[in-house]
Amino acid sequence: MSLITTNRDLADASRRLASHPFITVDTEFLRETTFWPQLCVVQLASPEEAIAVDALAEGIDLSPVFALMADPKIVKVFHAARQDIEIIWNLARLIPAPLFDTQVAAMVCGYGDQIAYGELVQAVCKVALDKSSRFTDWSRRPLSEAQVTYAIADVTYLRDIYLALHKRLESTGRLSWLDDEMAQLTSPDVYEQHPERAWERFRGRARRPRDLAVLMELAAWREAEAQSRDVPRGRVLKDDILIEVAAAAPRTADELSNLRAFPRGMERSRAGTDILAAIQRGLARDPKTLPKIERERRNGNGATVELLKVLLRQVSEAHDVAAKMIATVEDLETLAATPRAKIPALTGWRYEIFGAKALELIDGRLALTLEKGKVVTLEWQDTPESAAAAAR
């Protein structure tokens, strides 16, 4: 087993890893009972070796790992990097860069939306991963040989996947298509847990300014409480209860206790007092200072959104790129309501393959039709009506 448990071995391995142009990275962690993820194992591989670092080993110092993450000469390769980066950010206040996310790259290479690592290994490496250790308790010691083998497999096959995807992106001229996603993944703002922004998880759930004001205060209170106690948000107050309390906005402990889903007895606790105080703060907020409540974008635009979905699928299949990589349903709804909106689908390569056509479709200058069972596009001058008009 290539399991590292001492600082000396970690320092030696890190020096060897640092001599390569790229390393693959993965982590094993637990967060079922905590707010902050508990790092248990860090896996690293270069083209020549693969190791697993016991992050819970007595006296272990992960500074060499963090130095690798910060080294600008080494590309750090992850699959579905967001949670791994969150852990590194929380522990070291740094974000791995330069970064390559194979899940994002796979979307550009036509492997579908957010393909799982095991599926990508099967597709690229023709290997079926043993997932029997996936849900084991990574905090228990000693780690078993099966656990270490499983953990290291997550970075060994990642090397071949990275090389294959990178080669394909280079040959198709699509490496730059990853730039926006990598920039987002390496933005510290993505990983900062700001209580005052916790309400954004419920965007669209409030229908009245008063409900939104109360929801903002309640969500901020719950976020701060969960962080300070290091427990999952649901341990403080479940999402559906938070929404119910915000809509009802009870003023007293008795009114709070009358809510059907509210935990019995909680209204008389410190948390109950804090909740009532948050409600009062919300009710006292000036409605003019609140974010604008987004109404249903589909009102009056449903047909346009459906047509845009058909166009998106046609473009996705034609270019062999995952549809979600080009535009989300939210993007399409925004586009239908505000054709010149500032969304990714109207910039860069997305505009070239989809955005320009989407605007033509909305403006009535592009038609969709079927040809041998496949959706194809027709420019306005190609339609029978335009041909007849031209003949006149």
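The values are calculated or read from the model by the stated rules, or taken from the named source; none is laboratory data. Because the structure is predicted, anything quoted here is derived from the model rather than measured. Quick reminder, even Gly has a Cβ in these numbers, built from the backbone with ideal geometry, and neighbours come from all protein chains shown.
Annotations for the structure displayed:
- Hits in segment 180-206 (condition: touching a residue at least 60 places away in the same chain (Cβ under 8 Å) and assigned to a helix (DSSP H, G or I)): D180, E181, M182, L185, P188, V190
- Filter result for the condition that a residue is under 25 Å from P37 (Cα atoms) and in contact with a Pro (Cβ under 7 Å, 6 or more places away or on another chain), over A226, A198, A183, A219: A226
- Residue ID - nearest to the chain's Cα centre (by Cα), chosen from residues in segment 105-117 that are in a helix (DSSP H, G or I) and more than 16 Å from R159 (Cβ to Cβ): M107
- Scanning segment 82-97 for residues that are in contact (Cβ under 8 Å) with a residue 60 or more places away in the chain and closer than 20 Å to R159 by Cα gives R82, I85, P96, A97.
- Residue that is on the phi < 0 side of the Ramachandran plot and either outside the structural domain of E28 (by TED's automatic domain parsing) or touching a strand residue (DSSP E or B) at 6+ places or on another chain (Cβ under 8 Å) (or both), where the choices are A183, A151, A146: A151
- In the set (1) more than 27 Å from E32 (Cβ to Cβ); (2) not in a loop (DSSP other than H, G, I, E, B), the condition left unmet by L120 is number (1).
- Criterion: in the same structural domain as T172 (by TED's automatic domain parsing) and surrounded by fewer than 16 Cβ atoms within 10 Å (Cβ to Cβ) - qualifying residue of V75, V121, V127, V108: V127
- Matching entry among A336, A261, A318 (being free of Cβ contacts under 8 Å to residues at least 60 places away in the same chain and within 20 Å of R205 (Cα to Cα)): A261
- Residue within segment 254-261 that is surrounded by 17 or more Cβ atoms within 10 Å (Cβ to Cβ), of a type in the set (D, E) and either in a helix (DSSP H, G or I) or touching a helix residue (DSSP H, G or I) at 6+ places or on another chain (Cβ under 8 Å) (or both) present: no
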